[in-house]
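Presented below is the structure to which this report refers.
Each reported figure results from applying straightforward, stated rules to the coordinates on display, with no laboratory input. What you see is a predicted model; the values in this text were computed from it and never measured. Positions of Cβ are backbone-derived with ideal geometry, glycine not excepted, and every protein chain shown enters the neighbour counts.
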Amino acid sequence: MSSIPDDEENCFEVVNNAIADQAGIVDIQVDTAREQVAFEYDPAVIHDEAIVTLARKVEPTLRQRFDTCTLRLAPQAGRACESCATKIEHRMNKIQGVRRATASYMGGVLSVTYDNGLITPDQIMEQVKNFGVKIEAKETEAADEAARPQPQWKKALEWFTADRIEAIFTAITFVTMFGGLIAEYLQAQPIIPFIFFAIAYFTGSVFGLRGGLESLRHFTIDVDLLMVLAAAGAWVVGSPFEGAMLLFLFSLSNVLQAFAMDRTRNAIKALMKLRPNKALIRRGGRAVIMPIEKIIVGDVAIVRPGERIPMDGVVIEGESAVDQSSITGESMPVMKRIGSDVLAATINQQGGLEIRVTKLAKDSTIAKLIILVEEAHSEKAKTQRTIDKFEQYYALGVIIFTALAIIVPIFIFGEKFNSAFYRAMVLMVSASPCALVISTPASILSAIGNGARKGVLFKGGVYLEEAAGIKVVAFDKTGTLTLGKPQVTDVKVISLSGDENELLKLAASVEAKSEHPLAQAIVKTANARGIKLFEATAFQSETGKGVRATLNGLDVCVGSLRYFESFKTIGMELAQKHLEQMQDEGKTSVAVARLENGVAHLIGTIGIADVLRK
C-alpha cells in the first residue's frame with residue numbers, strides 16, 4: 001500500500017469499508033485521475049447486477065467524503081502568470097488530503113478537491129496563504145459587498161481597475177508610438193521622437209515588466225519578460241518604432257483578454273441576479289423580511305404569486321405552478337403542492353406558497369451552480385496546459401539562443417560586437433510575438449463565458465476542447481429545442497354535435513377564468529381561430545386538477561384524469577386512450593366533459609405541448 005498515492009489509498013479505504021461484508025470481491029482498483037473505481041470479482045459468487053448495486057452504494061459515500069473548495073485568486077501583475085498557477089497546483093497536490101488542485105490566474109480561480117476526513121477548507125486556505133498567494137472575496141461575496149451603500153469617491157476609485165488602467169496605457173502607447181514615427185518623418189529635433197518613444201515604451205512595458213518580475217519570483221520565465229527584452233533590443237539596434245509596436249500588440253492582447261474575462265465574469269453576475277436578496281420569513285407568529293444570509297434551516301418562507309423562491313425547501317402550505325426554467329431548463333411550469341421540493345431562484349406563478357427551508361443560502365442549488373461556473377475557469381484545456389509549459393521553455397530558449405548569438409560570433413569567429421549584437425537582437429524580436437501563447441487561453445475562456453451567457457455551462461477548457469470531436473448530440477431538456485411557451489397541438493372530439501372549434505369554445509370559455517399557463521394556451525388558440533367565447537359563471541377551481549363553470553346553461557369542466565375520479569363518467573375509456581397517447585408523445589393533456597346529474601359525459605380531449613423552434 002505504500003506505493004499507492006495518498007488520495008487513492010484514502011479512496012480505497014472508503015470503498016473497502018463500504019463493501020466489507022460483500023463476498024466475491026477479489027480486488028479493488030481506484031483511479032482518482034479518471035474518477036473511476038474498478039471491481040475484480042468472482043462471477044461464481046457474485047453476479048454483474050450485484051456489482052452495479054455495489055457501485056451505486058459506493059458512489060454517494062465517495063461523493064460525501066470528497067468536497068471541493070473554490071478560492072478566488074487575486075490578479076497578478078501584467079499578463080496572467082499561468083506558469084505561476086502551475087507552480088501552485090504542484091505545491092497544493094503535495095499536501096496530504098488534497099486529491100486534485102487546478103489553478104488559473106487568467107480565470108482567477110483556484111479549485112481544490114479534498115478529503116474532508118483529512119483536511120478542512122480553513123486549513124486549505126491557510127496553506128494557500130503560506131505559499132504567498134493572495135486570495136480575494138468570492139464573486140458572491142464581492143457582489144454582496146458591492147450592493148451595500150458606498151461613498152461616491154469610493155465608487156469612483158473602483159472604476160480605475162488594473163484592466164482599465166492597462167487599456168488607457170495601451171491607448172497612450174499607440175498614440176505616442178505613431179507620434180514618434182511622424183516626428184522622425186518630419187525630421188524634428190531628435191529629442192522629440194525620443195520623448196514620444198520613451199513614453200510609448202514606459203506605458204507599453206510597465207505591466208509586462210511587472211509580470212515578468214513576478215514570474216521570476218516564482219523561478220519561471222515567461223513571454224512577458226521576453227517581450228520587454230525584445231523591445232529593449234529593438235531600441236538598442238536603432239528601431240524604437242518596431243519595439244514600441246511589439247509592446248503595443250502585446251499590451252493590446254492583454255486588454256482584449258481582460259475584456260473577454262470581464263464578459264465571462266458577467267455570466268456569474270447574471271446568475272447571482274437570479275437570487276433574491278431578501279425573503280419574507282414567518283418567525284414568532286409574525287412575518288418579517290430578512291436577508292437570505294440570515295435565514296436558517298427550518299425557517300418558513302412565504303412566497304406570493306410572481307415572486308422568486310428565495311431558498312431551497314419543501315412546500316408545507318399551498319399549491320402553485322413554478323417556473324423552473326432558469327435552473328433545470330424545464331420549459332413548462334411544474335405544479336408544486338404540499339411535500340414538493342422547490343429550488344431557490346425559481347418563479348412562483350399563480351398561487352401562494354409557504355416553504356420550509358431545507359438548505360442554507362450557500363448550499364442552495366443556485367449557489368452550487370454559481371460555484372460550478374467559477375470552478376470552470378480553473379479547468380484548462382490540454383492545449384492550454386501544453387502551451388503554458390511550452391511558454392517557459394520557449395522564453396528561456398530564446399534568451400539563451402540570443403546570448404549565444406552574441407557570444408559565439410565574437411569569441412569564436414572574431415566578429416565585431418556591433419554586428420553580432422544587432423543580429424542577435426533581430427533574432428529576439430522576430431522570435432518574440434508568441435501569438436499562440438497569447439491567444440489560446442483567452443479564446444478558451446472567452447468561449448466558456450459566451451456559452452455561460454447563452455445557458456451552456458462548460459465545466460472547463462478541457463471539456464470545451466473535447467467538443468471539437470462531437471459527432472452526435474442528445475438533448476434531454478425540451479426547452480433547449482423548443483420555444484418555452486405551451487401551445488395547443490391536438491384537439492380530439494369524442495362526443496359532440498359540433499367540431500373541434502365547438503370543443504375549443506367550451507374549454508376556452510371555462511379556462512378564461514384561470515391564470516394557469518396551460519389554460520392561457522387554450523384561450524389563446526381559441527382567440528387565434530376567431531372563436532367567440534361564452535360568459536362563464538359559477539367558476540370553481542381545484543389547483544392541480546381542473547376547473548369547472550356554467551356556460552349558457554351547461555355545466556362544463558376541464559381537467560386531468562385525477563379531476564374526474566370523483567365523478568361517474570361516460571366515454572372515459574376513449575378519453576383515457578387519447579390522453580395516454582398524447583402523454584407518450586410528451587404532451588400535457590386535459591379532458592373536457594359536460595356534467596349532468598353528477599355524471600361526466602366526456603366530449604373531447606386537448607393536447608398541449610412546448611412546440612419546436614423554427
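Summary table below
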read-out: Members of 273/505; 336/471; 336/513; 368/485; 129/389; 94/273 lying beyond 31 Å, as alpha-carbon distances in this model show; value: 273/505; 336/471; 94/273
read-out: Virtual spin-label span in nm between residue 474 and residue 338, 7 Å along Cα→Cβ; value: 3.9
read-out: Ranked packing of 563-569, 489-495, 600-606, 129-135, most packed first, by mean Cβ within 10 Å; value: 600-606, 489-495, 563-569, 129-135
read-out: Stretchable slack from residue 386 to residue 540, in nm (0.36 nm times residue separation minus alpha-carbon distance); value: 48.7 nm
read-out: Estimated FRET transfer efficiency (residue 532, residue 178; beta-carbon r; R0 51 Å; 0.05); value: 0.10
read-out: In nm, spacing of pseudo-spin labels at residue 38 and residue 487 (7 Å Cα→C-beta vector); value: 5.2
read-out: Fully extended contour minus Cα-Cα distance, from residue 416 to residue 94, at 0.36 nm per residue; value: 110.8 nm
read-out: Extended-chain gain in nm, criterion 0.36 nm per residue less alpha-carbon gap, residue 49 and residue 314; value: 92.0 nm
read-out: Virtual spin-label span in nm between residue 576 and residue 515, 7 Å along Cα→Cβ; value: 3.5
read-out: Label zone at residue 219 (point 7 Å along Cα-to-Cβ), backbone N below 13 Å, region 91-105; value: 91
read-out: For region 458-559, size of Cβ-based charge dipole, Lys and Arg +1, Asp and Glu -1, in debye; value: 120
read-out: Cβ-Cβ FRET estimate between residue 583 and residue 555, R0 fixed at 22 Å, reported to 0.05; value: 0.25
read-out: Residue 162-residue 524 FRET efficiency (beta carbon distance; Förster radius 60 Å; 0.05 resolution); value: 0.70
read-out: 5 angstrom amide H check on residue 317, placed H, neighbours 5+ away; value: 354
